[in-house]
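So the structure is just underneath, and the comments pick up after that.
Read-outs throughout are calculated quantities, based only on the coordinates presented, and are distinct from any laboratory measurement. Not measured: the values here are computed from a predicted model. Virtual Cβ from ideal backbone geometry, glycine too; neighbours counted across all protein chains shown.
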Amino acid sequence: MGINYSLTGFSDSTSKDKWIENEELTGAFGFPILNWVCYSIAGVCAFFLFAFAFDESMSVSWFFISELIALLLIPALSRQGFKTTAKFLLILYVNIAIVILSSIFDNQAEIQYFLIPTMGLAILLFDYNDDIIRNISIFLSAVSFFIIDFIAIDTITLSSESIDYVRWGVISAAFVTTWIIFNTFYETKERAEKVIREYLEKEKELNVELSSKQDELEKYITELEETKEELVKSSSAKSDFLATMSHEIRTPMNAILGMTHLLKEDNPRDDQLDSINVLDFSGKTLLALIDDILDFSKIGAGKIEFENTTFELEKLVATITETFRVTAQNKKVDLETEIGNKVPKYLIGDPARLTQILNNLMSNALKFTEKGSVKLLVRSVKERQKSNEVEFSVVDTGIGIEEERMESIFESFVQAGKETKRLYGGTGLGLTISKQLVELQGGKLSVESRVGKGSTFKAVLSFDKVSGHEQHSPAGIIQEEQDDLSGIKVLIAEDNIVNQKVIESFLKRWNVKFDLVNNGDEAIEKLKIVEDYDMILMDLEMPLKDGYEATKEIRIMKEPDKRNIPIIALTAAALTEVKEKVKEVGMNDFVTKPFNPVELRKKLKELSGK
């Protein structure tokens, strides 16, 4: 609340005024004019009351009694907060007193001239905020003057002595009024200056404190910036470490899983097959562990990004099915896949993340199913104008999950129970990552299960519609056909001898012709002299010239058939930034090591155009 200063040391804001909050301006100073006038006139009334009591003039005595009581109550009324009302009542009672006294002493004009200081009092009591009530008070004094004029003035004859009284009365009134105004103004000025000095001192103290706080704040900001830089460095170091470890582990894993796959296809003896299956299971488990940790770290850092590309759902599902077919056959578990007739053939979304989600669910189902079947069912649950909501259900006949544990299985590093972890192993991250990936895309992952009967995991995701393509796939079981790659000629740029052996083995088995080079420079020179390559398999990290630099040079060659040759990146780094850089330099696609033979075979077929 603001404070309004006036010459009288007080101001009003409402009809029921509140005392000025600053005690330095109120306190003992209070309302000096109001109190002084009230108590002075009250003393005069007491004197006349005493005089007329002896004269036994009861009517006049009662007037002075009422006037005395009123004048004593007005300061109390003011102290209660009714300042404006108290001031107005004071002016009113003073005017009434002058009129009554003029009637009583009708032959003595001196009492009438108190109307002059009464008007001054009305001006002095009310400041500019109370100009209406002040004017009313002055008007009442003027009316009182005219009343007296009709009552007594015309009957008075002034003598020289009376004129002297009048003269001295006017001079005294002017002196008293001037004295009151001067003292009130001076005292108010002194108190205002004192308050201002105190405010200035407080302001200095606050400025010093503020400056100190500002220094502390700047210090905290500097510390926060340093902490932020440390966190960025730590996060960068963590990402670099994960990328390096992922690359270094994936490179030998490519050889292990690749050779294991080839050994399985060489009709091994039964005693060999068991060992090969253990090797294959252990290798895939280790690879899944690496992928889970990498993805879990990226999700926690908020670095997961989603693509929005067109893909063929039937082919994606077929690739996933083939990935797990050998595992299912080894466990003598039936593996079935079915797509509903209302599911669009083409969708727009992130096929890599969808594959990751379904791979986790299928791997989880096969892990806990020893007999019976595992089914991947796809159906359209809601069709909108521009999107389709698709449900992916993975149904197994495995061990099932206890009801009280069904929610906790989606938590990090949690499995259904200690016995499950002991028998089947795993980190418990697969379902956690799948649920987070689904929810980050606005979908929902749920589970239904009965102990000993099996489980059903349902992932519901929304995909944008594709225009200009056949919208629906035929319903039924998907049968995967092997792609014929005979006649394709490939240039392989790979510096790792073990990875060279793995790729050679697969390409020979698929009747693919190939040439092998050890770095990007050799790849460019080979491409210049050989005319009939259908594509290039390009490793990214090679000596002398890596895959990125080699691709850039190939994309600016003069010959159109060489400049536009399809290039598939071979990378052990599964990070999003690597995949983005692959696209930026002009590569057509990428295969992550250790590569999935089914995926590599499909991409060779698609990009060769044969």
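Okay, here's what the table says:
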quantity	calculated
Sequence ranges 206-218, 439-451, ranked by mean other-Cβ count within 10 angstrom, highest first	439-451, 206-218
P(r) weight above 23 Å for region 262-405, C-alpha pairs, percent	47
Using a Förster distance of 41 Å, the FRET efficiency for Lys315-Ala237 (Cβ separation, nearest 0.05)	0.55
Highest to lowest packing among 70-77, 358-365, scored as the average C-beta count within 10 Å	358-365, 70-77
Packing-based ranking, highest mean first, of 582-589, 271-278, 197-204, 350-357 given that Cβ atoms within 10 Å are counted	350-357, 582-589, 271-278, 197-204
Percentage relative contact order, region 502-593, counting C-alpha pairs under 8 Å, at least six apart	24
In sequence order, calculated HN-Hα J values of region 196-203 (Karplus, 6.51, -1.76, 1.60; Hz; x Gly/Pro)	4, 4, 5, 4, 5, 5, 5, 5
Using θ = phi - 60° and Karplus 6.51 cos²θ - 1.76 cosθ + 1.60, couplings along region 486-496 (whole Hz; Gly, Pro as x)	4, x, 6, 10, 10, 9, 10, 10, 8, 8, 7
